[in-house]
1. Filter the range 185-221 for residues that are away from the ligand (no atom under 16 Å from the Cβ) and assigned to a loop (DSSP other than H, G, I, E, B); which is farthest from residue 236 (Cα to Cα)?
2. Looking at residue 288 and the list (1) part of a strand (DSSP E or B); (2) more than 16 Å from the ligand (Cβ to nearest atom), which single condition is not satisfied?
3. Here are some conditions: (1) closer than 20 Å to residue 240 by Cβ; (2) crowded, with 16+ Cβ neighbours inside 10 Å; (3) not polar (S, T, N, Q). Residue 14 meets all but one. Which one does it not meet?
4. Kindly indicate which of 200, 234 is aliphatic (A, V, I, L, M) and touching a helix residue (DSSP H, G or I) at 6+ places or on another chain (Cβ under 7 Å).
5. Is at least one residue of the range 173-181 crowded, with 23+ Cβ neighbours inside 10 Å and away from the ligand (no atom under 13 Å from the Cβ)?
6. For residues that are aliphatic (A, V, I, L, M) and touching a Pro at 6+ places or on another chain (Cβ under 8 Å), scanning just the range 240-274, find the one that is farthest from residue 59 (Cα to Cα).
Amino acid sequence: MPPYQQGRPAPQGGFKLSSNENPFPPLPAVVEAVQREAERVNRYPRPGAPELRSALAAELGVDAARILIGDGSATLIQQLIHAVAGPGDEVVYAWRSFDAYPLFVRTGGATPVEVPVDAEHRHDLDAMAAAITPRTRAVIVCTPNNPTGTIVGEEELDAFIARVPKDVLILLDEAYIEFVREPTGNGIELQRQHENLVVLRTFSKAHGLAGLRVGYAVGDPAVLRGADLCGVPLSQTALASAAAIAALEHVGETFARIEVLADRRDALWQRLVDAGVPVPRPHGNFFWVPSRPGQEEHVHDILEANRIVAKVFPDGSRISVGEPEADDHILAAAVAIQALQ
Ligand SMILES: Cc1ncc(COP(=O)(O)O)c(C=O)c1O
């Protein structure tokens, strides 16, 4: 099984655009909260991070019993898959999508069913619904999709959910939802209507807490209990919970930063399109620059020459929105990658 490829570190004087991190430093209130909590690290954290669950419950308008905290949303996705799918079972998801999914499915002993995205790099929901068999235990919808940046519209998501059997778990991975500007479905609202749906969100991206590892799931309490049993007790640190609570208390500052990043994303996307690079419209904090299998080494060379690191796949590269100074480097690299075609 190929290991998960973590984004490479930045070259000297270059830009790390390989992990969809937030280029802004943590908010001062977050740093203070972590420092305060650091005084108590001789103690284990409280199980289940109840203070963070209460803060999220108030923020989202849901009962705290419908929230499960994890050390990153990736961990929660793994727990949910392991809770429902084992040997002989199948998990359906779009491909290409988040490259941790196949790992989580296979380590649970289940079989991944990868449904190619369409020509516009979007989930092919008809094909995904058709891929559901009596062996299917879970389907994953990633919106915005990592790494292609496309979203699933509200109506098409509703229609898809209606086609999924009620005993199949739907994981709605909204790791980048805060960056979306288009009107789109509200996963939390959908969750209220469908007890087989779980929404996954994270503090790693928009909130800029990637280094602390904290994410959450919103779902039916019985489903979340199953996922909780598949996790390691006490794996969410009190430092992470304190930081996430501080982030929620200052969410206005975070949203102002998101606006800045989304403005820069949209402006740079326009420049990419004007330069003839066929980048699908990005809705997260990253761009998808298509390339062809066999070109990976050339792509790496181009990225290196432009002093950026990005995540390179056989069919394209995912380049994160980073510091403003990186924008011209991204444009130049994407144009050179396109010229390889
Ligand atoms: C689509 C998607 N889901 C989930 C995650 C997991 O994020 P974390 O475990 O940092 O919360 C990521 C991280 O890159 C992602 O891209």
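The values are calculated or read from the model by the stated rules, or taken from the named source; none is laboratory data. On a predicted model such as this, the values are computed, not experimentally measured, just so you know. As a convention, Cβ positions derive from the backbone with ideal geometry for all residues, glycine included, and neighbour counts pool all protein chains shown.
1. Per the stated criteria, the residue is 185.
2. Against the list (1) part of a strand (DSSP E or B); (2) more than 16 Å from the ligand (Cβ to nearest atom), residue 288 comes up short only on (2).
3. (1)
4. Selected residue: 200, the only one of 200, 234 that is aliphatic (A, V, I, L, M) and touching a helix residue (DSSP H, G or I) at 6+ places or on another chain (Cβ under 7 Å).
5. no
6. Ranking the qualifying residues of the range 240-274, first place goes to 261.
Residue by residue, here is whether (1) of a type outside the set (Ser, Thr, Tyr); (2) in contact (Cβ under 8 Å) with a residue 60 or more places away in the chain; (3) over 13 Å from residue 123 (Cβ atoms) holds:
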| position | (1), (2), (3) |
| --- | --- |
| 140 | yes, yes, no |
| 146 | yes, yes, no |
| 150 | no, yes, no |
| 153 | yes, no, no |
| 162 | yes, no, yes |
| 169 | yes, yes, yes |
| 173 | yes, yes, no |
| 182 | yes, yes, yes |
| 191 | yes, yes, yes |
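Per-residue answers, yes or no, for (1) touching a helix residue (DSSP H, G or I) at 6+ places or on another chain (Cβ under 9 Å); (2) outside the structural domain of residue 306 (by TED's automatic domain parsing); (3) of a type outside the set (A, V, I, L, M):
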| position | (1), (2), (3) |
| --- | --- |
| 1 | yes, yes, no |
| 37 | yes, yes, yes |
| 40 | yes, yes, yes |
| 51 | yes, yes, yes |
| 54 | yes, yes, yes |
| 64 | yes, yes, no |
| 73 | no, yes, yes |
| 112 | yes, yes, yes |
| 120 | no, yes, yes |
